[in-house]
1. Quick test of your reading of the structure: M262 fulfils all but one of (1) surrounded by 20 or more Cβ atoms within 10 Å (Cβ to Cβ); (2) aliphatic (A, V, I, L, M); (3) in contact with a helix residue (DSSP H, G or I) (Cβ under 6 Å, 6 or more places away or on another chain). Name the failing condition by number.
2. Can you pull out the residues in the stretch 103-131 that are in contact with a helix residue (DSSP H, G or I) (Cβ under 9 Å, 6 or more places away or on another chain) and open to solvent by less than 10 Å² (accessible area, probe 1.4 Å)?
3. In the stretch 194-232, which residue that is polar (S, T, N, Q) and in a helix (DSSP H, G or I) is most open to solvent (accessible area, probe 1.4 Å)?
4. Of everything in the stretch 60-78, what is buried (at least 20 other Cβ atoms within 10 Å of the Cβ) and either of a type in the set (K, R) or over 28 Å from N232 (Cβ atoms) (or both)? Give them in sequence order.
5. If you scan the stretch 280-300, which residues turn out to be in a loop (DSSP other than H, G, I, E, B), in contact (Cβ under 8 Å) with a residue 60 or more places away in the chain and not aliphatic (A, V, I, L, M)?
6. Would you point out which residue out of G89, G83 is modelled with pLDDT of 50 or more, over 30 Å from G133 (Cα atoms) and in contact with a strand residue (DSSP E or B) (Cβ under 9 Å, 6 or more places away or on another chain)?
7. Restricting attention to the stretch 248-298, report how many residues are modelled with pLDDT of 95 or more, under 17 Å from the mean Cα position of the chain (by Cα) and over 30 Å from Q149 (Cα atoms).
Amino acid sequence: IFILRSSCKISIQFSLITPTQSSSKPATLLCINMKFNLSLVAVCLAKSAAAFSSQALPPGVVNLSSSAQRDVFTMADWAASFGVQQAEGLQLTSYDGQDYFAATQQDIPAGTCVMYVPSDVVLSSSQAAQEFGGALGDAENQLSMAGLQEKIPLFRLFMKILVEYGKGEASPWYTWLNSLPRIYNTGASMTYACFDCLPPYAAWLALTERQNFVNFQKASKYAPMNEEIVSNVTILKWAYNVALTRSIDWYGERYIAPMGDMFNHGTEIEVEISYDENGNCMVYATTDVYAGSPLRVSYGDPTNPTPLFASYGFLDETSPATFCKVMHMKDEMEELGYTFADLLFYKDTGDISPQVYDVALYYVLKKSDPSLADGFYQTMMSGDEAAKSQYHEQYWQYTKEEMQKHVDGTLRDLDKWSTKANGYDLNTHPRVPLILAHNDFVKETFLNVKNNLDYM
């Protein structure tokens, strides 16, 4: 662990990139470089005297207007003053002044601790539960009755964020809250018009996220929370998105480490985040990292970008594959013991994972001959690979036709969905560009799969 240095100097470096240098990135690159002078700092965060307040909102609450600027510079200073320590050369970088991410200006050897966030700065679901006592009991019961028992740790963080927001500048976390995005593209922030322009799998995941938010919104009314907050959908949705996108699950608990939440997702990662038994957050380099590289963690399965799209509101275009969108075969998928992550179409090659063929054949046999389907099912459950191969060889033409029908139909639907999205007004539907990018990713993948199928 690094020894924290007491004084902090923040230098802002502006590098102008002309259109001839890069036509794909905005012109201004903002960097926050941290430099410290040696000497140990004692950390003390004031604990709130009362978790909930029914009084009117104080002046100085975070401005949640979509035009409000993120104050990341002040947050970096705040983090250092409260004991957050980081490796020399680590910087926060932005190309547009809205999306910031961690990168390094110096080489970092594998195994290096690149950041340490003390537990007093960390927000956790377990600490929130202790702070609130039994005050969330009725609200959590509402979530349980809605079938969202596993979301209770996230709900506790959601409520903690609402409480701190309601304190305005009196909150110890105000500076961090004021550095966060105001606009999110998650499923919770999408509208039904958005869902109408997405493939069924993406629409289902995004709608599930929206329904989770609605259940959080309803449950919050059972907590002794400020009425101005629980009746304000903008505040509630912002707090939900903050809790969802900036927390990680760690052995069933949810944690947010300010500054430790600045690492973007990557298909290939450079760092990993962990927590010790005292709730301190450590970020370690998993590989040798060269100067000028981003420092990325994994937010989820890198082979399928759609869950990340729905939960985090971005498209990972480096993802090698995507779910093959056979939502109409979901029952067959589950009966064979597969998940969405198993049924993949590969973007660049058009390859199809073997599990897709298993599910497609089972689907065809169930429709045409239940006894044959049962035989194939028993073969799958027994693990008899030779017998399974015989089924695939004998009924290959039917499997291929079913796959071609699915791929051709999805390509037609993608054009229809994207045409509809292009007809929306961006002022009222600002997530259209992301939706179109997602659909283009899927279309490119399906076109490569179609090319392979047509020549098989």
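1. Among (1) surrounded by 20 or more Cβ atoms within 10 Å (Cβ to Cβ); (2) aliphatic (A, V, I, L, M); (3) in contact with a helix residue (DSSP H, G or I) (Cβ under 6 Å, 6 or more places away or on another chain), M262 violates only (3).
2. Residues satisfying the conditions are V117, V121, L123, S124, S125, A128.
3. Applying the filter and picking the extreme gives Q211.
4. A76
5. N280, T286, T287, D288, Y290, G292, S293
6. Sole residue among the options that is modelled with pLDDT of 50 or more, over 30 Å from G133 (Cα atoms) and in contact with a strand residue (DSSP E or B) (Cβ under 9 Å, 6 or more places away or on another chain): G89.
7. 4
Residue-by-condition table, conditions (1) open to solvent by 30 Å² or more (accessible area, probe 1.4 Å); (2) free of Cβ contacts under 8 Å to residues at least 12 places away in the same chain; (3) farther than 17 Å from N448 by Cα; (4) part of a strand (DSSP E or B):
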site	(1), (2), (3), (4)
P302	yes, no, yes, no
D316	no, no, yes, no
K330	yes, yes, yes, no
E334	yes, yes, yes, no
A360	no, no, yes, no
D374	yes, yes, yes, no
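The values are calculated or read from the model by the stated rules, or taken from the named source; none is laboratory data. If you're wondering where the values come from, they're calculated on a predicted model, not measured in any experiment. FYI the Cβ positions are ideal-geometry reconstructions off the backbone, even for glycines, and counts take in every protein chain you see. Keep in mind that these areas ignore ligands, DNA and RNA; they rest on the heavy atoms of the full protein, side chains included. Shrake-Rupley method; radii C 1.70, N 1.55, O 1.52, S 1.80 Å.
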